[in-house]
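Before any comments, here is the structure.
The values are calculated or read from the model by the stated rules, or taken from the named source; none is laboratory data. Source: prediction; values computed, not measured. A quick note on method: Cβ atoms are made from the backbone with ideal geometry, for glycine too, and the neighbour counts reach across all protein chains shown. With ligands, DNA and RNA removed, areas are computed over all heavy atoms of the protein, side chains included. Shrake-Rupley method; radii C 1.70, N 1.55, O 1.52, S 1.80 Å.
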Amino acid sequence: MKRRVLFFVSSGLLLASFYMVLVFVPTERDMGIVQRIFYYHVPLAWIAFLAFFVVFFASTGYLIKRKPLWDHIACASAEIGLVFISLMLLTGMIWAKAAWGVWWIWEPRLTTSLVLWFIYVAYFIVRAYVVEEERKARFGAVVGIIGFLNVPLVFLSVTLWRTQHPPLTIFTEGLAGSMMATLLVCLFAFNFFYFYLLAEGTLMKADERAVKQLKEESIRRNP
Amino acid sequence: MREIAKACVIAAKDMLTEIRTREVVSSVVVFAVLVIVIFNFAFGSNPQAADLVAPGILWVTFAFAGVLSLNRSFVLEKEEDCIEGLMVAPISRESIFLGKFFGNLLFIFLIQVIVIPVFSLLFNVGFFNIELVLITVLASVGFASVGTLFAAMAVSTRARELVLPVLFFPVITPVIIAAVNASALILEGGGLGDITQWLGIIGAFDVIFVVASYLIFCFIIEE
């Protein structure tokens, strides 16, 4: 029931955000049409970081409580976070190509996101190479905690490394009202969408685990 | 205090094995020198380029060599079922972590003591000053802390040689960035005052990850 509500609210908001980004909001003066990617780029980044925070939180919960539910939440959130951070990197690259003429720049936020992307890919590689369900959850939790603790240090070191070069054009002026409204709607839409995906993902993990246990049991009974 | 003494016994055991077999340090040193020689083929043809890339090459070499020696440290334990012996011994998991951490740190230092002179010879750079020793020592502590944690994890997965580097490299990014930049500043003639920020990052990494690894290690070897 709650999931259904989340589903309808997030789809409604996402539809509204399509309208606002593609039709309602005026085209930005300097950047042109490509600036519209910004309204998705920012929420994608926010959700990726939120998702990784949830991974950290749920991983800690798993190591303390040892309930499979915590692991299901962590794993589902890591999946969503990885998809969102990949999309965020892609939209960032399109933006960079239009704004600076290159697909990639070693800008602090982009670089930090890339390192994070590698850490959470490693999260799934570790899980894939562990056979036992319980150990898989434990190892995943360790990577989820260490990976998140590392975020501030990665950002700090990358910023320090890049500030030795001339700074890039950064948005110093604020956003116009309509642009701010569009961004806010997108942020809300993505937040609801994230929690919807998290609820579905967590339940799916629980189902997967139940199916696996049933399978193992039936093999044990009729070998 | 007693815990540290027990840890030292484990580290001494690792050292004794190494002195008797000469397996890890000798082969890792050969590997590290090979990496340096190969980089020399790639960049070393003109002296200016060599000066520019020297710090980067040194730290890439240390990272590669670190992965190799860290992997070996737990593979040996696993192959002879030593880890089981350690776990039934009347010592805490934390002591086991500290012991392996000290052992790995000593191995890394030993490798560096041999590799750095070879490196300065081949690249014609002076590498003997107190600042560089400080950077190297601090960075090695960071390598050994997460390295020990991840190596213990990687050894219980199905693809240990693959899992360790995939986990280790993204997490040590801040150390690599800071160490490379600090070394470059020192080689350009800078002093301790120029690298305090970089040393701060490495120092923060060391503190965070020695503590985190110490606390988390007990969740990795528990069966």
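Legend: residues in the range A:56-70 shielded by at least 30 square angstrom of accessible surface upon adding the remaining protein chains to the isolated chain (1.4 Å probe, heavy atoms) are A:LEU63, A:ARG66.
Pairs of C-alpha atoms in the protein assembly as shown farther apart than 42 Å represent 24 percent of all such pairs.
Once you reduce the range A:25-69 and the range A:107-165 to the center of their Cα atoms, the two points are 15 Å from each other. Taking the C-alpha atoms only, the angle from helix B:160-171 to the longest principal axis of chain B is near 60 degrees.
A crude spin-label estimate for the pair A:ALA210 and B:CYS82, with each label 7 Å from Cα along the Cβ direction, gives 4.6 nm. Rounded, prolate or oblate for the range A:1-159? Axes are the square roots of the Cα gyration tensor eigenvalues, ordered a ≥ b ≥ c, and the cut-off for rounded is a/c under 1.5. Here the range A:1-159 falls in the oblate category. With the alpha-carbon atoms of the range B:97-196 aligned to their principal axes, the span from lowest to highest coordinate is 46, 25, 25 Å, starting with the largest. Buried surface for the B/A pair, taken as the accessible area of each chain alone minus that of the pair with a 1.4 Å probe, is close to 2800 Å² in total.
Averaging Cα coordinates gives a centre for the range B:16-70 and one for the range A:80-95; these two points are 35 Å apart. Model label points for B:GLU188 and B:MET15, set 7 angstrom from Cα along the Cα-to-Cβ axis, are 3.9 nm apart. Under a plain spin-label model, where a point goes 7 Å from the Cα along Cα-to-Cβ, how far apart in nm are A:ILE219 and A:GLU200? Label-label distance for A:ILE219 and A:GLU200, simple model: 3.0 nm.
The residues of chain B have, on average, 43 Å² of accessible surface per residue, using a 1.4 Å probe with all protein chains present.
Computed 3J(HN,Hα) for the range A:109-117, one whole-Hz value per residue from the Karplus formula 6.51 cos²θ - 1.76 cosθ + 1.60 where θ = phi - 60°, is 5, 4, 5, 4, 5, 5, 4, 4, 4, glycine and proline marked x. Past the 31 Å Cα-Cα mark, which pairs from A:LYS67/B:LYS78; A:LYS2/A:LYS67; A:LYS2/A:LYS136? Flagged as over cut-off: nothing, all pairs pass. 3J(HN,Hα) along the range B:87-95, derived from phi through the Karplus expression 6.51 cos²θ - 1.76 cosθ + 1.60 where θ = phi - 60°, amounts to 6, 7, 5, x, 10, 6, 4, 5, 5 Hz, with x in place of Gly and Pro.
Calculated [222 nm] ellipticity per residue, helices only, for chain B: -29000 deg cm²/dmol; basis is -39500 (n - 2.57) per DSSP H run with n ≥ 4, divided by all residues, nearest 500.
For the range A:81-126, the alpha carbon positions stretch 37, 17, 12 Å along the principal axes, listed from largest to smallest. Considering only protein heavy atoms and a 1.4 Å probe, what is the carbon-and-sulfur percentage of the accessible area of the range B:2-220? Of all accessible area on the range B:2-220, carbon and sulfur atoms account for 70 percent.
Figure note: B:ILE195, A:ILE105 ranked by solvent-accessible area, largest first, 1.4 Å probe, ligands and nucleic acids not counted: A:ILE105, B:ILE195.
Listed values for the range A:215-223 are Karplus-derived 3J(HN,Hα) couplings in whole Hz (6.51 cos²θ - 1.76 cosθ + 1.60, θ = phi - 60°), namely 4, 4, 5, 5, 5, 5, 6, 10, x, and x replaces Gly and Pro. Ligands, DNA and RNA aside, A:MET204 has an accessible area near 100 Å² when probed at 1.4 Å.
Computed extension length for B:ASN46-B:GLU161: 37.9 nm, one decimal, from 0.36 nm per residue of separation with the Cα-Cα distance subtracted.
Summarised in one figure, the compactness ratio Rg/Rh of the range B:2-220, Cα atoms and Kirkwood Rh, is 0.98. In a fully extended conformation the segment linking A:LEU87 and A:GLU28 would gain 19.0 nm over its present Cα-Cα distance, using 0.36 nm per residue.
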